[in-house]
Amino acid sequence: MATARLACVSVDIDEIPCYTAIHGLPEPEGARREAIYDKALPRLVDLFDDQGVHATFFAIGRDLATEGNGARLRDLVAGGHEIANHSQDHLYDLTRRSPSEMRAQVSDAQDALEDALGERPVGFRAPGYTITDALFEILEAEGLSYDSSVFPCPAYYGAKTAAIGAIAARGRRSHSVVDDPRVLLAPADPYRVGRPYWRRGGGLLEQPIGVTRGARLPFIGTSAVLAGERGADLLARQMSGRPLVTLELHGIDLADAEADDLGFLAPHQPDLRASLERKHAALRAAISRLRQMGYAFVTHAEAASRCG
């Protein structure tokens, strides 16, 4: 693995219907359906420009059908960012579909992104971080260089399971699914996957979602935003010593309930109840602390090339 201290900041560009699917709510109509690309994405780009970060954006293939989104992704590439594959339709139960459906979700997104960008992505992230050996086989067959889906985080696993149960208790059905609990045994640093995928082997390079040393707390945008500036700084400090730190964000991490007309979602999505000022401060604090600890920011693709 790489000897230098590297950090990757990534963004899952999940549009608002992805969140209504999680919470079992009706899909929104009008402009708020595209609030992530239209409103949150420019804020994230401004943040990265200000912080000198080249990020990796995991894009959903179907969103390229919306006018202007292809140009937005091309602008990201022109700015030094990476675009990677986040599946064609962001099916939360992707790993429960047939092999042919899983293959199509990967390859159709590859095609859509190549058509928009002129080159095929080299990285993949599964919807909801849920992945299986069968999906890894498809990624390898598609010629991808790395995956970044494995999330060995007990706190996140427990919270997700509880949330799905709570939604069901209210008479709604979440489209979200939980991973095999043995994912919690997976390495927290980059590794070549074995069979099963939570063990080391000689397969595809995995760059896991960030967890802190020791307690394996989640080091993602949601936890940083909810922790606030000081809490985000503390979480970043607990990443010290990892050869590769991954800070995974979602577009909604810089969405605003009032300004973006997302008030209907705020009762269900805690991070939407935080102000934009608080969110900006928290993300800046996490990025700044990593830089102060000697981490150099690179895209996931660059980190994969250095890992070999």
Fraction in percent of alpha-carbon pairs per bin - 5 Å, the range 14-59: 5, 19, 23, 20, 14, 10, 6, 1
Distance between modelled label sites at Arg5 and Asp93, nm, 7 Å Cα→Cβ extension: 4.5
Residue order, fewest to most surrounding Cβ atoms within 10 angstrom, among Ser149, Ser275, Ser98, Ser174: Ser98, Ser275, Ser174, Ser149
Debye equation applied to the C-alpha atoms of the range 138-274, log10 I(q)/I(0) at 0.13, 0.14, 0.18, 0.19 Å⁻¹: -0.68, -0.78, -1.14, -1.21
Reference-scaled alpha-carbon Rg (2.2 N^0.38 Å with N residues) for the chain: 0.92
Geometric extent, Cα atoms of the range 74-133 - Rg, Dmax (angstrom): 12.2, 38
Residue exposure sequence - Thr130, Thr66, Thr246, Thr20 - by fewest surrounding Cβ within 10 Å: Thr66, Thr20, Thr130, Thr246
The chain, relative contact order [Cα under 8 Å, separation at least 6], %: 25
Overall Cα dimensions of the range 182-250, principal axis frame, Å, largest first: 39, 24, 18
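Let me check I have the definition right: for the range 125-164, take the eigenvalues of the Cα gyration tensor, multiply each by 5, take square roots. What are those semi-axes in whole Å, largest first? List each step's numbers first, then the result.
Details: eigenvalues 122, 17, 10 Å².
One finds semi-axes of 25, 9, 7 Å for the range 125-164.
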Quotient of Cα Rg and 2.2 N^0.38 Å for the range 1-115, N being how many residues it contains: 1.15
Stokes-Einstein translational diffusion, the range 71-199 - Kirkwood Rh over all Cα pairs, 0.692 mPa s, 37 °C, in µm²/s: 207
Percent breakdown of C-alpha pair distances by 5 Å bin, ordered from the shortest bin, for the range 194-308: 2, 11, 19, 19, 17, 13, 10, 6, 2, 0
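Each value in this text was obtained by applying a stated rule to the coordinates, not by laboratory testing. What you see is a predicted model; the values in this text were computed from it and never measured. Heads up, the Cβs are rebuilt from the backbone with ideal geometry, glycines too, and the neighbour counts pull from every protein chain shown.
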